[in-house]
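Since every read-out is calculated from the coordinates, none of them should be taken as a lab result. What you are looking at is a predicted structure, and each value in this text was computed from that prediction instead of being measured. Don't worry about glycine lacking a Cβ; one is built from the backbone with ideal geometry, like all the others, and counts go over all protein chains shown.
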Amino acid sequence: MPDSEGHPAFEELELGRVLAALADPLRRQVVLGLLAEPEGTARTCSSFGLPVTKATLTYHFRQLREAGLIRQVDRGNSRMAELRQTEIERRFPGLLRVLQAEMKREHTTQGLNKPS
């Protein structure tokens with residue numbers, strides 16, 4: 001059963017929900033942004049600079065939280081998001097490496113397609 005903040009327990013992490021959350025490019029951007037930080041880093045939701053309204057930002061972070069990808073903590077008038085990196089790696093070994101490899105491949109491909 002999820003905790004009072006909507007974070008599922010480790011044993012409740014479901015691959016289908018995780019993949020559904022990661023299917024959205026903005027949510028993948030958040031996960032990759034957190035993955036690029038030292039493990040345990042927490043960032044405010046607005047620090048990702050997503051080009052969406054506050055309501056849509058709240059929706060995307062709720063999807064990530066309910067899938068179990070992030071843990072959110074209230075800090076005064078903002079919420080901080082932290083990647084559940086260790087738990088994700090234990091439950092779905094290699095998933096985060098696949099995301100990182102995809103990001104590197106996309107950056108390489110984009111670099112090759114830039115006009116000279």
So which residues in segment 6-35 are in a loop (DSSP other than H, G, I, E, B) and loosely packed, with under 11 Cβ neighbours inside 10 Å? A23
What is the residue count in segment 60-101 for residues that are acidic (D, E) and closer than 18 Å to E14 by Cβ? 3
With E39, E106 as the choices, which residue is in a loop (DSSP other than H, G, I, E, B), exposed (fewer than 14 other Cβ atoms within 10 Å of the Cβ) and not small (G, A, S)? E39
